[in-house]
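**Student:** My structure is below; once you've seen it, I'll send some questions.
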Amino acid sequence: MSLFRRFAPILLAAVAASAQGSGPASWQNDLAPISAQDWNAEFAAHLLERAGFGGTPEEIQALAKLTPQQAIARIVRFEGVSNAALPPFDHSGIHDPGLEPFPPSRPAVTDMAKEKGEALGIKVKAEGNRRLQPIVDKFFYWLRASAMETNRVAYWWTNRMLTTPRPLQEKMALFWHGHFVSNEAKVRDYRKLLAQLELFQKQGTGNFRDLTVAVAQTPAMLSFLDAGVNVKGAANENFAREIMELFTMGVGNYTEKDIREAARAFTGWNYVDMKFVINKDQHDDGDKTFLGKTGRFDGVDVIDIIMQQPVTAEYIAGKLYRYFARQDLSPELQKQLGAVLRQNKYDLAPLLEKIFLSRDFYSVASVGTRIQGPVELVVTTYKKLGLKSVPGVPDFNLVTGGLGQQLFSAPTVAGWPSGQSWITPGLLLERANFGRDVLFPDISFLPPDRYTGGGEVRRVADRIRRGMDISTATKDDAKTGDMAESNMNADRDEDFNTRYGSFRGSQLAIERVKALPRDAANVNLSQMILDAKVQNTTQAVDYLIHRFMRVPPGTDAKQKLVAFLNKDLGTTDIAVAQTYMEESLRLVLHLIMSQPEYQLG
Amino acid sequence: MQMTNRFSFSRSSRRELLRAGMYGVCVTAGAGLPVPVFGQAAAALAAKGKADGKILVVLELSGGNDGLNTLIPYGDDAYYKHRPQLGIPKKELRVIDQHFGFSGGMAGFERLYKDGKLAIIHGCGYDNPSFSHFTSMAYWHTAAPNSGEEYGWVGRLADTMAPSAPPNYLVNIAARQSLAVRSQKHVPVVFDDPNKFSQEKFHDEKEVLDTLPENGKIDNPARRFLLDTAKSAKDASALVREAWAKYRSPIDYGITGLDLPKVVALIDAGMPTRLYYTSYRNNAFDTHVFQEDTHKRLLTYASDAVAAFLKDLERIGRANDVVVMVFSEFGRRVPENVNLGTDHGAANLMFVAGNQVKGGQYGAIPSLTKLDEGDNLIHTTDFRRVYATAVERWLGLADSKDLLRGTFETFDMFRA
């Protein structure tokens, strides 16, 4: 705090003087490095915003005191910075060996049970009604428990984003998480998703070729892209297609035949539980012709041939640029960036340094033009609020999911579309509502990891507790007219009851998955304002705008904010209002977070 | 670009104006009429909504629906040869004629077909098909394969029908805006959960929050976009929320109604919306492995939802004003794969359902023996013919040539 006190007057002066600093328009498309004279707190703030999750004034000042080379080296070459204080993920202990291999669907489980007399480590009940029920219960138990534990992994990760001394490590992990996509809905095993995330954290700024090979061998990806069922004689193309189309080259740079040939090379790749395996007898060892080369290629050979294509370096460098700098990228600039990556044999750190040091990165075209994704928006907000952990209220995953980016739940294999796609009229309003939920926590909050399962599950639970039999308890509420076909199906089978299984699985999952802490955000805006030596309401609004926004709202909006604060406090003098100003300041901050410009980072 | 738009605008408005009984205005107007007058007329038309507003709803089945296991050609032995494991035997089908039967759970579609309210269009696709979800979907979204077209076909349709871009003309119910509705002039109303489509505000904050966002010249394009979106949100959110709050329906939509109940709620509330876009989300139909149960379930849900949608429209007395068009970005490979699933394919079925639809089958049935080199169905019907049919014969635009970047023969598919 004391460090910031010294700089506070300077910051306020900067706000008064101009908008957020950026270099001249002539810097656009210029990859030449900025000089030490160019470097200032505004540039440092921009760097932290993009290479990490924003900065507090203290963090920004610490970075601004370095030279740009030092600052960027500290961000990119973070290996020397210890993150030993960050705890490893704390497993609830929900998995057992009977669950492996987990069948693809509920019907597959019950078919297996009928055939073998057991499934998921549970034997079919000897006699009586609903003999398969315990197995169906366990199937739903794992679906629910894995999804809930995945939400705990997301909390663990976002706490790292918020508190890590290596912000780029987590920011890159987030990039790869949206690039090499897999999701919980299909993989249905938090352990596989966690292992993949840890790979992104470990190798995210390393070598792209090595990362691609390693990711392609994670059970999460193998499972997500059905690689495990790609076998000799009948190749499944999903894996090969997405590796080329989405992960390395981009569409249009290969033929359908290349895909089929690559799929053959990947035959036999599979996983057993958490281990990558190659089933030799399912691998097609014959000659393949892929991207103009012929040989008895395997999957790694295919990846190496992909890496030889200049378009691969350009594709990935361009995507990184869009993530860190800006959406519109000229083909020439993309070629230059691709060349940097290729010259460094796909080592990512030199490219990242080049980007973060470039004039283009600080040009008016780049600064304050990026629409933040939901996870970035939320973590950045917490960071600027000075929070030391991610609040349990509101629920992080519900908030970001509602805004279109729930971690481990990318909508498709293409990940999350970015830029303007993050925003719709509906989502813009929801973003403002997030601000309100943080600053004024909902006193009726129900934790989704306890109050779980959706309306139907709760209805069944309630009826069972009241002593109803399973058939009656799981029946639909009467609706007029014809019953929809799908609602008739739900009650048909007598070996088990799916709705009861869904309820019972949720109950078992709550019992086993550890609860998330549900503390609300510990915010103290009054102290923040007093520490900044702010004297009047205009300065207070300026301070909050500068601390929380990269692009300030228009003059009119700002005047309205000041007028609002004056009215709410009954004075323009902070010293007069300091004992009662917290709620008013929070209202102002909520209004700031409701500005369309708040989305820009 | 500018010229094209103005031209298609004047033509389409003439038709609108004719229907609205403002012929005189139009005759004196000609193509050179100042925009404001047109704007007012279009706004008036849009505001009238109920009376003359034919509505088009597009439902996307994302992921590549397996058309061959949706409407099963049980009368063709080749089908069972290609699909020894996944082929569905006749006894499990809902047979509609000598050749075809719907998948077992599709009671809703079977009923619609037998009631003469469902058009099945065979063999829909395009030349040089892409087998990538994203690329092929983009082609369907833009109605412009291999072109890099920036705007969606539904968005361009809105631009043509209502160039003055009155609010709430184009609605996309989704977590994310679809490329299909991307428009040059309209800011589509995009929302997911109507209950959340609201700015929650404390009493004292209202004055500040109700201020319209800045309208001056803004250099930062991302900022400009955000300000425009904020305005659209202010225009639509209260209407949508009220409509949803009022909506009560006894109709059973099944396990998931998709977003179709929301569409009924908005229509019933008199929203001026003419174009709705929704989807069965998240690549659900991408059934590479063990597809039998999954696919049957997906079809059951979709079929339940569409059938209930028409019933619900009947209930509110608007069944004659709405048709729903159903498509997917591609069909699946004709032969099954070894994982009891199917891979990305090409030509596929489309469906158009509604009270005013002349039920039946359109387009030539693609051959199951003459496949392309990748074992895919060869398309017999350019999918844009179905778009053109909806645009010209349902929505009543004089032609769809500019809109669809070409002339596509239409089907005689509607009663009115």
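The values are calculated or read from the model by the stated rules, or taken from the named source; none is laboratory data. Since the structure is predicted, the reported quantities are computational estimates derived from the model, not experimental observations. We place every Cβ from the backbone using ideal geometry, glycine too, and count neighbours over all the protein chains shown.
**Student:** Only one of A:ARG152, A:ARG160, A:ARG131 is away from every other protein chain (no Cβ under 14 Å) and under 30 Å from A:ILE355 (Cα atoms); which? First the steps, then the outcome.
**Tutor:** Values: A:ARG152 fails: under 30 Å from A:ILE355 (Cα atoms); A:ARG131 fails: under 30 Å from A:ILE355 (Cα atoms).
Answer to the check: A:ARG160.
**Student:** OK, next. From the list B:PRO213, B:PRO221, pick out the single residue that is surrounded by fewer than 18 Cβ atoms within 10 Å (Cβ to Cβ) and within 8 Å of chain A (Cβ to nearest Cβ).
**Tutor:** Numbers: B:PRO213 fails: surrounded by fewer than 18 Cβ atoms within 10 Å (Cβ to Cβ).
Step by step, each of B:PRO213, B:PRO221 is checked, and only B:PRO221 is surrounded by fewer than 18 Cβ atoms within 10 Å (Cβ to Cβ) and within 8 Å of chain A (Cβ to nearest Cβ).
**Student:** Could you list all residues from the stretch A:127-151 that are among the basic types (Lys, Arg) and buried (at least 22 other Cβ atoms within 10 Å of the Cβ)? Outline the logic, then answer.
**Tutor:** Within the stretch A:127-151, the subset among the basic types (Lys, Arg) is A:130-131, A:138, A:144.
Residues satisfying the conditions are A:LYS138, A:ARG144.
**Student:** Select from the stretch A:357-393 the residues that are of a type in the set (Val, Ile, Thr) and part of a helix (DSSP H, G or I) and write down the one among them that is farthest from the other protein chains (Cβ to nearest Cβ).
**Tutor:** Taking the stretch A:357-393 first, the residues of a type in the set (Val, Ile, Thr) are A:364, A:367, A:369, A:371, A:375, A:378-381, A:390, A:393.
From the residues that got through so far, the ones that are part of a helix (DSSP H, G or I) too are A:375, A:378-381.
Values: A:VAL375: 15, A:VAL378: 16, A:VAL379: 20, A:THR380: 16, A:THR381: 17 Å.
The qualifying residue farthest from the other protein chains (Cβ to nearest Cβ) is A:VAL379.
**Student:** Can B:VAL240 be described as outside any helix (DSSP H, G or I) and crowded, with 19+ Cβ neighbours inside 10 Å? Even if it seems obvious, please write down each step before you answer.
**Tutor:** Values: outside any helix (DSSP H, G or I): no; crowded, with 19+ Cβ neighbours inside 10 Å: yes.
The answer is no for B:VAL240.
**Student:** Across the stretch A:394-425, which residue is surrounded by the fewest Cβ atoms within 10 Å (Cβ to Cβ) among those that are of a type in the set (A, V, I, L, M) and within 14 Å of another protein chain (Cβ to nearest Cβ)?
**Tutor:** Initial filter on the stretch A:394-425 (of a type in the set (A, V, I, L, M)): A:398-399, A:403, A:407, A:410, A:413-414, A:423.
Add one more test, that the residue is within 14 Å of another protein chain (Cβ to nearest Cβ), and what stays is A:398-399, A:403, A:410, A:413-414, A:423.
Numbers: A:LEU398: 15, A:VAL399: 22, A:LEU403: 23, A:ALA410: 21, A:VAL413: 23, A:ALA414: 17, A:ILE423: 24.
So the residue we want is A:LEU398.
**Student:** Could you figure out which of (1) away from every other protein chain (no Cβ under 14 Å); (2) crowded, with 20+ Cβ neighbours inside 10 Å; (3) of a type in the set (Gly, Ala, Ser) isn't true of B:ALA305?
**Tutor:** Failed condition: (1).
**Student:** Can you tell me which of B:LYS217, B:LYS201, B:LYS234 is more than 30 Å from B:VAL386 (Cα to Cα), part of a helix (DSSP H, G or I) and at pLDDT below 90? Spell out the reasoning first.
**Tutor:** Working: B:LYS217 fails: part of a helix (DSSP H, G or I); B:LYS201 fails: part of a helix (DSSP H, G or I).
Answer to the selection: B:LYS234.
**Student:** Looking at B:ASN128, B:ASN65, which is the one that is part of a loop (DSSP other than H, G, I, E, B) and crowded, with 24+ Cβ neighbours inside 10 Å? Step through it out loud before you land on a result.
**Tutor:** Details: B:ASN128 fails: crowded, with 24+ Cβ neighbours inside 10 Å.
Exactly one residue qualifies, and that residue is B:ASN65.
**Student:** Based on this model, can you work out whether A:GLY435 counts as in contact (Cβ under 8 Å) with a residue 60 or more places away in the chain, over 25 Å from A:TRP176 (Cβ atoms), small (Gly, Ala, Ser) and within 13 Å of another protein chain (Cβ to nearest Cβ)?
**Tutor:** Values: in contact (Cβ under 8 Å) with a residue 60 or more places away in the chain: yes; over 25 Å from A:TRP176 (Cβ atoms): yes; small (Gly, Ala, Ser): yes; within 13 Å of another protein chain (Cβ to nearest Cβ): yes.
Here the answer is yes, as A:GLY435 does meet what is asked.
**Student:** May I pose another question? Which residues, taken from the stretch B:122-134, are within 11 Å of chain A (Cβ to nearest Cβ) and out of contact with any helix residue (DSSP H, G or I) (no Cβ under 8 Å at 6 or more places or on another chain)?
**Tutor:** So in the stretch B:122-134, the residues within 11 Å of chain A (Cβ to nearest Cβ) come out as B:128-134.
Selection gives B:ASN128, B:HIS133.
Yes/no matrix, rows are residues, columns are (1) surrounded by fewer than 19 Cβ atoms within 10 Å (Cβ to Cβ); (2) of a type in the set (Val, Ile, Thr); (3) farther than 24 Å from A:PRO411 by Cβ:
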site: A:ASP210; (1), (2), (3): yes, no, yes
site: A:VAL213; (1), (2), (3): yes, yes, yes
site: A:ALA216; (1), (2), (3): no, no, no
site: A:VAL231; (1), (2), (3): no, yes, yes
site: A:ARG241; (1), (2), (3): no, no, no
site: A:GLY250; (1), (2), (3): yes, no, no
site: A:THR255; (1), (2), (3): yes, yes, yes
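**Student:** Which of the numbered conditions does B:ASN355 fail, given that it passes all the others? Conditions: (1) in a loop (DSSP other than H, G, I, E, B); (2) farther than 25 Å from B:TYR253 by Cα; (3) more than 14 Å from every other protein chain (Cβ to nearest Cβ); (4) touching a residue at least 60 places away in the same chain (Cβ under 8 Å).
**Tutor:** Failed condition: (2).
**Student:** Out of A:PHE224, A:PHE208, report the one residue that is at pLDDT 90 or above, out of contact with any Gly (no Cβ under 9 Å at 6 or more places or on another chain) and within 13 Å of chain B (Cβ to nearest Cβ).
**Tutor:** A:PHE224
**Student:** Right, something else. When the residues of the stretch B:243-254 are filtered to those that are part of a helix (DSSP H, G or I) and of a type in the set (A, V, I, L, M, F, W, C), which remaining residue is farthest from the other protein chains (Cβ to nearest Cβ)?
**Tutor:** From the stretch B:243-254, those part of a helix (DSSP H, G or I) are B:243-246; that's our starting set.
Pick out the ones that are also of a type in the set (A, V, I, L, M, F, W, C) and you get B:243-245.
On the way: B:ALA243: 14, B:TRP244: 12, B:ALA245: 16 Å.
It comes out as B:ALA245.
**Student:** Next question. In the stretch A:212-237, what residues are free of Cβ contacts under 8 Å to residues at least 40 places away in the same chain, under 28 Å from A:THR158 (Cβ atoms) and out of contact with any Lys or Arg (no Cβ under 7 Å at 6 or more places or on another chain)?
**Tutor:** Of everything in the stretch A:212-237, those that are free of Cβ contacts under 8 Å to residues at least 40 places away in the same chain, under 28 Å from A:THR158 (Cβ atoms) and out of contact with any Lys or Arg (no Cβ under 7 Å at 6 or more places or on another chain) turn out to be A:ALA214, A:VAL215.
**Student:** Next up: Please state which of the following conditions A:VAL551 fails to meet, knowing it meets all the rest: (1) touching a residue at least 40 places away in the same chain (Cβ under 8 Å); (2) β-branched (Val, Ile, Thr); (3) touching a Ser or Thr at 6+ places or on another chain (Cβ under 6 Å).
**Tutor:** Among (1) touching a residue at least 40 places away in the same chain (Cβ under 8 Å); (2) β-branched (Val, Ile, Thr); (3) touching a Ser or Thr at 6+ places or on another chain (Cβ under 6 Å), the lone unmet condition for A:VAL551 is (3).
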